[in-house]
Every structure is written in C-alpha cells, then in structure tokens.
1. Every residue in the range 116-138 that is within 19 Å of G194 (Cβ to Cβ) and surrounded by fewer than 21 Cβ atoms within 10 Å (Cβ to Cβ), please.
2. Kindly list, by first and then second residue, each pair from a residue in the range 286-307 that is in contact (Cβ under 8 Å) with a residue 40 or more places away in the chain to a residue that is surrounded by fewer than 17 Cβ atoms within 10 Å (Cβ to Cβ) and part of a helix (DSSP H, G or I), limited to pairs with Cβ atoms under 7 Å and residues at least 6 apart or on different chains.
3. So which residues in the range 250-291 are crowded, with 20+ Cβ neighbours inside 10 Å and more than 16 Å from ligand 3 (Cβ to nearest atom), if there are any at all?
4. May I ask you to say which residue of S78, S18 is closer than 29 Å to I131 by Cβ and surrounded by 15 or more Cβ atoms within 10 Å (Cβ to Cβ)?
5. Report, ordered by the first and then the second residue, all pairs with beta carbons closer than 6 Å, sequence separation of six or more or different chains, a first member in the range 258-277 that is touching a residue at least 40 places away in the same chain (Cβ under 8 Å), and a second member that is among the small types (G, A, S).
6. Need at least 2 residues that are modelled with pLDDT of 95 or more and out of contact with any Pro (no Cβ under 9 Å at 6 or more places or on another chain) per element, so show me which strands (runs of 3 or more DSSP E) inside the range 73-159 make the cut, counting only ones lying wholly within it.
7. Could you tell me whether any residue of the range 92-109 is surrounded by fewer than 19 Cβ atoms within 10 Å (Cβ to Cβ), touching a strand residue (DSSP E or B) at 6+ places or on another chain (Cβ under 6 Å) and either of a type in the set (A, V, I, L, M) or outside the structural domain of G235 (by TED's automatic domain parsing) (or both)?
Amino acid sequence: MNTLEQYGFTDRIGGLFSFHFPGPPLAEPARVIRADRGRLLVASRRGIVHLDDGMPLVTGDWAAIGPGGTVLGCLPRSSLLQRKRAYDPLSEAQALGANIDLLGVVVPLDRPLSANRLERTLVAAWDSGSIPLVILTKADLSTRFDGVVAETVQRARGVEVFTTSAEDLDGLEDLRGRIGTGQTLALLGPSGAGKSSLINALVGDHRQGTGEVRAGDGRGRHTTTARELVPLGDGSVVMDTPGLRGFALWDAEAGLSEVFGDVEELFDDCRFRDCAHDREPGCAVQAALVAGTLEERRWLSYRKMERELASLHRRQDAAGQRRHARSFQRVARDAVLAKDHRNRFREAP
Ligand SMILES: Nc1nc2c(ncn2[C@@H]2O[C@H](COP(=O)(O)OP(=O)(O)O)[C@@H](O)[C@H]2O)c(=O)[nH]1
Ligand SMILES: [Mg+2]
Ligand SMILES: [Zn+2]
C-alpha cells in the first residue's frame, strides 16, 4: 500500500479528483496530514511532503497539487468538524478536521459520566456530517464508578458504543474493524480521556504523545500533534483532537435536532404554536417534565445549547449588518467622490 493509500486514498477519491480537477494542469492528489498557519504537511504519491501555501486547508482535506507544488484547490468536503473559536468576540468558526467519516465521542470510564458533555459532543458530531460513535475508554478502571457504561449506552440513544482499554488492549479489534479501508475516525473528548493512548494502542506503537510521556522524559520520541492524521497501515486513518474543554457549538441546529429529536417532537403537542415552553397553559414540555418522561437536566441542556446557537446567530446577524452598513457607506462615499471628480473635471479646463 503506498503512502497516499495509507492515508485513505481510494478509487472513489481518485474518481472525484478526475471529475473536479480534469486539468490541465494535471493535478496530483494529496491529503492534508497537518495544517499549521499556511504550512501543510501532506501525503502524496511522492511520500510525505511539506508545502507552503496560503490556502485555508484543514487536516483531512484532499488537496489538488499542481506543477511546482502549488495547491490548486481541494475536493468538496464530505464532512467538516468545526467549533466556535473560544473567547473570540467575532465568534469565528474554527475547523478541526475535514472528510471525517466516523466521529468517536470519547467517554472515559474512570470518572462519572457528564451527560451534558456527552450530549453536546454528540450534537457537534452529528452536525459535522460524520457518523458518531461512542468510544468508552479505560475499561480496566470501569469498576471505579457504578453504571457509567449502562448510563452511556442509554443516553447515546442508538449510537453505536465501543468499549476499549488501552491498558489491557481490549476492544481494539472491534474498533479497528469498524473503520473501513479509506475511512477516517476522529476522536473527540476531554483532555485526559485517553484519546492519545487509544490511538497508540490502535497503531500498535507509541507515536502519539500521551500524558505520561509528556510528563516524563519524552525526548527522542516523535510526538504527533493533535489534529494530525495517523494511518493504521490498512488504509484506515485516525485523528486526535486537542482536549476540548467546553466545546462551543457552531451552527449546530441540525445536530441539536438529531440528538434531541424526542424533545423537539413534544413541541408539536403544545397548545400554542409559539409556545415558549415556560409557563404557557397546555405546554407539552412542562407536562412531560411533571410526568417525569422528560428529564429536567436534559431539558436544561437542550435549552442551553439552543440559547447558545441563538446568540451566535444574533452576533452573526449583527456582524452582517455592520458589514452591510460599511459597504453601503463605501458605495455612498464612492458615489460622492465620483461626483466630486466629475465636477472638478468639468471645472478644470
Ligand atoms: N488505566 C488506564 N489508564 C489509561 C488508559 N488510557 C489512558 N490512560 C491514562 O490516562 C491518562 C491520559 O491519557 P491520554 O491518552 O494522554 O489522554 P488524552 O488527553 O485524551 O490524549 C494517561 O495517564 C494515560 O496513561 C487505559 O485504557 N487504562
Ligand atoms: Mg492527547
Ligand atoms: Zn410548550
């Protein structure tokens, strides 16, 4: 298997390249292994190469490389995982990875389950266009807290759940078998959840920097950074993400509906079409809360993400209006300048 195939190149991807980049110039396919500020590390037919290019590509992109190593563009993305850039008042989206087929929501078994976090990560996963999986890690420590496995399975609501231990090398074959040739699995989860250890265990060597390696003497080892593609050798690829504390959602309404479909279905049964589900008479949500069929925590978790997305859209709208106002002012100013210019031109001779 050549380098490109190890990073997920298949006949299907080849077909897409011929379709989107028929040439001339003839484009060479390459996959972005890592992207840091305009510098790309890509897998290509010539092996792994560095490219300097200003194109805003992200890890996982399929890039078309022209003569002289210029990036001509990339294939349309089959999925894109993004989050809101933390602490950024402009609320720009940050792309974490493209063309991810499977998104592994990592839940460590060495602590109680955070249901809110699980829901939030599942929303982001669904919204990216990838298929979510739940990956339980540290199964060797699963006796520390009762019922985390059962609770996760119940809360994952039909999403496939894999149980693994990087320590005991348990459950790795099942997970490896789930990632087909040419498929990419990205891991999403809090720092310390065991993502790097799991990738090491899947790869079978110690390429990823784990917490332990970093704390001890990790010199001389190649530590791949988070958000870097790691080939498993059989044409399947895995990708780590940096520990995401308080993953801020970006345009995730579709994901929200996917994870909270049962909650949104209740809205149809409210007496008023514009029910705020607060204190309105005949509200199906309040009725479900009273009856105990809708968990209060789950309802609050939904509301929080809904508010977050609404405020994101208000800021986007406000930014859009400011842009519009600025461009309008520019048009108005240009019109005045043009008139001035015409007047001066008329007066000049
Ligand atoms: N007992 C046990 N510890 C694990 C396992 N996987 C990871 N750890 C430990 O958990 C800590 C964090 O792991 P790491 O892979 O760096 O987590 P990451 O931040 O999600 O990449 C390290 O001290 C690992 O040794 C496991 O399967 N079992
Ligand atoms: Mg890590
Ligand atoms: Zn209601």
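1. Listed by number, the list holds a single entry, R117.
2. Final answer for the pair search is R297/A115; S301/N116.
3. Within the range 250-291, W250, A252, G255, L256, V259 meet the criteria.
4. Of the residues listed, the single one that is closer than 29 Å to I131 by Cβ and surrounded by 15 or more Cβ atoms within 10 Å (Cβ to Cβ) is S78.
5. Nothing qualifies.
6. Numbers: elements: 80-84, 93-98, 102-108, 131-137.
The strands (runs of 3 or more DSSP E) meeting that bar are 131-137.
7. Keep residues of the range 92-109 that are surrounded by fewer than 19 Cβ atoms within 10 Å (Cβ to Cβ), which gives 92-94.
Checking which are touching a strand residue (DSSP E or B) at 6+ places or on another chain (Cβ under 6 Å) leaves us with 93-94.
Keeping just the survivors that are either of a type in the set (A, V, I, L, M) or outside the structural domain of G235 (by TED's automatic domain parsing) (or both) gives 93.
Checking the range 92-109: at least one residue is surrounded by fewer than 19 Cβ atoms within 10 Å (Cβ to Cβ), touching a strand residue (DSSP E or B) at 6+ places or on another chain (Cβ under 6 Å) and either of a type in the set (A, V, I, L, M) or outside the structural domain of G235 (by TED's automatic domain parsing) (or both).
The values are calculated or read from the model by the stated rules, or taken from the named source; none is laboratory data. Remember, it's a predicted structure, so these values are computed and weren't measured experimentally. We place every Cβ from the backbone using ideal geometry, glycine too, and count neighbours over all the protein chains shown.
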